[in-house]
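The values are calculated or read from the model by the stated rules, or taken from the named source; none is laboratory data. This is a predicted model, so every value here is computed, not measured. Here the Cβ positions follow ideal geometry from the backbone for every residue, glycine too, while neighbour counts run over all protein chains shown. Note: accessible area is taken over every heavy atom of the protein model, side chains too, but ligands, DNA and RNA are not part of it. Shrake-Rupley method; radii C 1.70, N 1.55, O 1.52, S 1.80 Å.
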Amino acid sequence: KTYLATLPAAGKAEDVTERTLADYRRDYANWIEPWFGHRVAAHVDERDVQKWVDHMKKRLDPKTVKGHHILLGAIYRYGCARSRRLVEHNPCTETQLPKVKRKPPKGFTLAEWEAFYAANHQTMPDASDLALFLVLTGWRFSEATALPVGAVEDYGDRMFVAVTQVNRRDASLRFVVVADAKTYESLRRIEVTPATAALVRRRIAGKGVGELVFTN
C-alpha cells in the first residue's frame, strides 16, 4: 500500500528554489497531511478532495486554496506517472475550485508619488534613486536591487540595462542575489530613457563591474 505521506511533496526538488521547497513542505504539513497523510493514496477519491477544498474555502482566500490544490494534484501526478505507477488515479482532476476574483491594481496617485519621492530625496537619496528607476523602467524591486554594473551598457547616446540576476529570500528568509529571474521572459534587456541613463551613470561612477548599482 502506498500512503500519501510517502509520495514526494514537490516532485523534482532540484527544479525549485530552497525557499519554494520550504513553502511546499509547510503547506503540505499544514493543509494536506492532516487530511490525507495517513490515508492510502489510492483510497482518496474526488469526493474526499472536494470536501477538503470546501473546508479550506471557509478559512482561506481562493488563490491560496487553488495553490494547495495544485500541490496535491502535483503529488498525484508524480505518483500516477507510468514510470512509477505508485497510484493509478488522480482524484484532483474534477474538483470545483473557488473562483479567483481579480483585484484592482494598487499604486500611487501622481500626488502621492511626488510626495513620496520628495520626502525620500531629502532624507534617503539612495531610496529616491531606486524609486525613480523603478518608475521609469517598470522593473520589479527584486530585479532593480540586484542590478550589477556589468549589466549596464552605456554607448553615450544610448544605454541598455539587462536583468541577469535577482534578489530573493532564501529558506531562512535572508535576501540573496541569485542568477535567475521570475520567469524566462524576465531575463530581458531594455533601453532606458535619457533621465534614467543620467541617474545610472551617476550611481556607477567609480564602481567595478560586479558591484551593485543600487545600494544603501
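Annotations
- Residue within the stretch 113-130 that is closer than 14 Å to residue 201 by Cα and hydroxyl-bearing (Ser, Thr, Tyr) present: no
- Residue pairs whose Cβ atoms lie under 9 Å apart, sitting 6 or more positions apart in sequence or on different chains, and linking a residue in the stretch 69-98 that is in contact (Cβ under 8 Å) with a residue 60 or more places away in the chain and within 19 Å of residue 54 (Cβ to Cβ) to a partner that is of a type in the set (A, V, I, L, M, F, W, C) and open to solvent by 100 Å² or more (accessible area, probe 1.4 Å), do not occur here.
- The one condition in (1) assigned to a helix (DSSP H, G or I); (2) of a type in the set (D, E, K, R); (3) exposed (fewer than 11 other Cβ atoms within 10 Å of the Cβ) that residue 126 fails to fulfil: (3)
- From the options 63, 99, 103, residue that is modelled with pLDDT under 95, charged (D, E, K, R) and either part of a helix (DSSP H, G or I) or within 15 Å of residue 196 (Cα to Cα) (or both): 63
- Any hit, the stretch 117-135, residues being of a type in the set (Ser, Thr, Tyr) and either in contact (Cβ under 8 Å) with a residue 12 or more places away in the chain or on the phi > 0 side of the Ramachandran plot (or both): yes
- Any hit, the stretch 142-163, residues being assigned to a loop (DSSP other than H, G, I, E, B), touching a residue at least 12 places away in the same chain (Cβ under 8 Å), loosely packed, with under 12 Cβ neighbours inside 10 Å and in contact with a strand residue (DSSP E or B) (Cβ under 7 Å, 6 or more places away or on another chain): yes
- Residue that is least open to solvent (accessible area, probe 1.4 Å), among those in the stretch 26-44 that are over 17 Å from residue 96 (Cβ atoms) and outside any helix (DSSP H, G or I): 40
- Inspection of the stretch 200-214 identifies at least one residue that is within 30 Å of residue 23 (Cα to Cα) and in a loop (DSSP other than H, G, I, E, B).
- Condition check for residue 177: out of contact with any Asp or Glu (no Cβ under 7 Å at 6 or more places or on another chain), at pLDDT 95 or above and not in a loop (DSSP other than H, G, I, E, B): no
- Applying the condition of being loosely packed, with under 11 Cβ neighbours inside 10 Å and modelled with pLDDT under 75 to the stretch 164-174 and asking which residue is nearest to the chain's Cα centre (by Cα) yields 173.
- Some residue of the stretch 45-52 being assigned to a helix (DSSP H, G or I), free of Cβ contacts under 8 Å to residues at least 24 places away in the same chain and open to solvent by 100 Å² or more (accessible area, probe 1.4 Å): yes
- Meets criteria (open to solvent by 30 Å² or more (accessible area, probe 1.4 Å) and within 15 Å of the chain's Cα centre (by Cα)) for residue 187: yes
For (1) touching a strand residue (DSSP E or B) at 6+ places or on another chain (Cβ under 6 Å); (2) assigned to a loop (DSSP other than H, G, I, E, B); (3) farther than 30 Å from residue 174 by Cα, each residue gets a yes or a no:
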position	(1), (2), (3)
86	no, yes, yes
90	no, yes, yes
114	no, no, yes
135	no, no, no
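- Matching residues in the stretch 108-122 - criterion: being open to solvent by 60 Å² or more (accessible area, probe 1.4 Å) and closer than 28 Å to residue 176 by Cβ: 116
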